[in-house]
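Here the structure comes first, spelled out in C-alpha cells, and everything after it is commentary.
The values are calculated or read from the model by the stated rules, or taken from the named source; none is laboratory data. The shown structure was predicted, so the numbers you read here are calculated from the model rather than taken from an experiment. Here the Cβ positions follow ideal geometry from the backbone for every residue, glycine too, while neighbour counts run over all protein chains shown. Only protein heavy atoms, including side chains, enter the accessible area calculation; ligands, DNA and RNA are left aside. Shrake-Rupley method; radii C 1.70, N 1.55, O 1.52, S 1.80 Å.
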Amino acid sequence: ACGWTHWNNPTPVLAAVIECVDRDGSLLLARNAAWTHRMFALVTGFMEAGESPEQGVSREIVEETSLAVDDLALIGVYDFQRMNQVIIAYHARVHGEVRLSPELAEYRLFAPAEVRCWRSSTGYALADWLRSRGHQPRFIELPPRT
C-alpha cells in the first residue's frame, strides 16, 4: 500500500566440505551451538557485501574453525527453499589446529567412507563431493520437523 516493493529473493549462503590435509584427509563436520540435536554438518555462513563467494567461504572457515585454507574448489550450487536460500558449496583443503568459534558447539573428524549425508542442500553437496572422489554416499533419515 505504501508503494514499496519487497523482493523475496533467496539469500546466498556459503558451505564448505572441509578436508584436513594434516589429519589424513579427514572431513571436519561441526555441530551448531544453537542445535538441540547431535547432528554434525558442513560449516556454513552468510556471504558479506563486497566479498566473492571464495573470499566468504574462506573467511567463514577461519572464523568458525581457525583453520588455514590452502585450496578451494566449487562443488556446486544447491536450492534450499525451506530457508529461502541458495547454497554455494566448496571443497576446502585446510590445515592447522581447530579452535571453534562460539557459534559451534563441537566438531568431529570423519573418514570420507564413514560420513553420512542428509537429504537437504548441504547434504547433497557432500554427496556430490563424495561421488567425485569415488565414494558411494550413504544417507541418513532426519526426524520430521515439528
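Every residue in the range 89-105 that is open to solvent by less than 30 Å² (accessible area, probe 1.4 Å) and either free of Cβ contacts under 8 Å to residues at least 60 places away in the same chain or not hydroxyl-bearing (Ser, Thr, Tyr) (or both), please.
Once the filter is applied, which keeps residues that are open to solvent by less than 30 Å² (accessible area, probe 1.4 Å) and either free of Cβ contacts under 8 Å to residues at least 60 places away in the same chain or not hydroxyl-bearing (Ser, Thr, Tyr) (or both), the range 89-105 yields ALA89, HIS91, ALA92, VAL94, GLY96, VAL98, SER101, LEU104.
In the range 14-41, what count of residues is obtained for those that are open to solvent by 10 Å² or more (accessible area, probe 1.4 Å) and not charged (D, E, K, R)?
Total satisfying the criteria: 11.
Of all residues in the range 110-135 being hydrophobic (A, V, I, L, M, F, W, C) and crowded, with 16+ Cβ neighbours inside 10 Å, which is nearest to HIS37 (Cα to Cα)?
Restricting to residues being hydrophobic (A, V, I, L, M, F, W, C) and crowded, with 16+ Cβ neighbours inside 10 Å, the top hit is TRP118.
Within the range 42-70, work out how many residues are at negative phi and open to solvent by 80 Å² or more (accessible area, probe 1.4 Å).
7
Take the residues in the range 34-81 that are more than 23 Å from HIS95 (Cα to Cα) and β-branched (Val, Ile, Thr); name whichever of them is modelled with the lowest pLDDT.
Among residues in the range 34-81 that are more than 23 Å from HIS95 (Cα to Cα) and β-branched (Val, Ile, Thr), the one modelled with the lowest pLDDT is THR36.
Say we look at the range 119-130 and pick out the residues that are at pLDDT 95 or above and either part of a loop (DSSP other than H, G, I, E, B) or aromatic (Phe, Trp, Tyr) (or both); which of these is farthest from SER58 (Cα to Cα)?
The extreme case among them is TYR124.
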